[in-house]
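First up is the structure itself, then whatever we jot down about it.
Nothing in this text is a laboratory measurement; each read-out follows from the coordinates by a stated rule. Remember, predicted model here, so these are calculated numbers, not experimental data. Counting neighbours? That spans all protein chains shown, and the Cβs are built from the backbone with ideal geometry, glycine included.
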Amino acid sequence: MKIWAHRGCSQCYPENTLTAFEKAMNIQGLEGIELDIQLTKDGQIVVIHDEKVDRTTEGTGYVREYSLSELKRLHIRTEDNLKEHIPTMEEVFDLLAPKMRLGKLRLNIELKNGVFYYVGMEEKIVDMVAKFGVEDAIVYSSFYPLSLTKVHVLSPKAEIGVLNGKLSNCLYMAMGMEQITDHETKLALHPGGIGLDLSREEISGRTVRAYFGGHLYPSKPTGGRMDLEKLEAAGVTDVFLNEPERYL
Ligand code: G3P
Ligand code: CA
């Protein structure tokens, strides 16, 4: 089973922060890191899960209504006085790209454009990935299939993760994308861990990366462990976990 850090090490550290990513990149055996991107008012790519800043910072309102400099004045809510800010995608690449270029770390970039459609997001992220020379280490995903087809047109060799709560919906959308892409396109299924509604046979030969919600910082670690062997037997190849360090 390949293990990814979901929003970085997001149970013990604030999600989608440089600290959460740095902790993750130093875990021996980790396959990669997942993160979420949105665009600011002035078109800068920032790494934050929600469309609004309310849950993770002291601010209020939508990311898209802040310029980058305004957004940078906000602080991530922490218990440990970490003095974190919402990172830009460039800052994250500055941290992760050296390891990615060595083939030792992958990055799943989730384009968060299902609620608001950020015009130009696909072009901006594909350009930035090329600028940092990390094309081979990226998996692009989105709940918004149109975005995935745009990424594919811009970067035909890029791996695409079809994202949906249910595995059957992921398969349905992937089969649709297979009609408009060539057979060498890498299309993975990214279902919710509670939406695994297909048999191993129905998904055989496919990459299936299941995401699990779990607790987020500042939640404390809980007792139960996930049964990764059972998931593997069900055909899951990779998992996104908030607490990957517990399994590696
Ligand atoms: O990409 C998998 C997972 O992160 C999707 O859900 O809400 O955590 O972004 P969410
Ligand atoms: Ca995500």
Relative contact order as a percentage, segment 128-248, C-alpha pairs under 8 Å and 6+ apart, gives 19 percent
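For the chain, compute Rh as the Kirkwood radius over C-alpha pairs and then the Stokes-Einstein diffusion coefficient at 25 °C and 0.890 mPa s; write the answer in µm²/s, rounded to an integer.
Once the numbers are plugged in, D ends up at 134 µm²/s.
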A convex hull over the alpha carbons of segment 47-138 yields, per residue, a volume in Å³ of 113 Å³
quick note, segment 53-163, DSSP beta bridge pairs, % antiparallel (nearest 5) is 10 percent
Note: probe point = Cα of residue 154 + 7 Å toward Cβ; backbone nitrogen < 17 Å; residues of segment 42-70 passing the test are 42-48
Treating only Lys and Arg (+1) and Asp and Glu (-1) as charged, each at its beta carbon, one finds that the chain has a dipole about its Cα centre, in Debye to the nearest 20, of 220 debye
One finds the C-alpha centres of segment 133-204 and segment 66-130 to be spaced, in Å, by 21 Å
Candidate cut points under trypsin sites (Lys or Arg not before Pro) in segment 19-109, DSSP loop plus at most 16 other Cβ atoms within 10 Å of their own Cβ, are 41, 55, 73, 77, 83, 104
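Hand me the chymotrypsin sites (Phe, Trp or Tyr not before Pro) from segment 165-228 located in a DSSP loop with no more than 15 other Cβ atoms within 10 Å, in residue order please.
212
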Treating only Lys and Arg (+1) and Asp and Glu (-1) as charged, each at its beta carbon, one finds that segment 1-115 has a dipole about its Cα centre, in Debye to the nearest 20, of 340 debye
Under the 7 Å Cα-to-Cβ spin-label approximation, residue 232 and residue 219 lie apart by a distance in nanometres of 2.5 nm
Computed over the Cα atoms of segment 14-98, the Rg and Dmax in Å are 12.8, 39
antiparallel share of DSSP beta bridges within the chain, to nearest 5, in %, is 15 percent
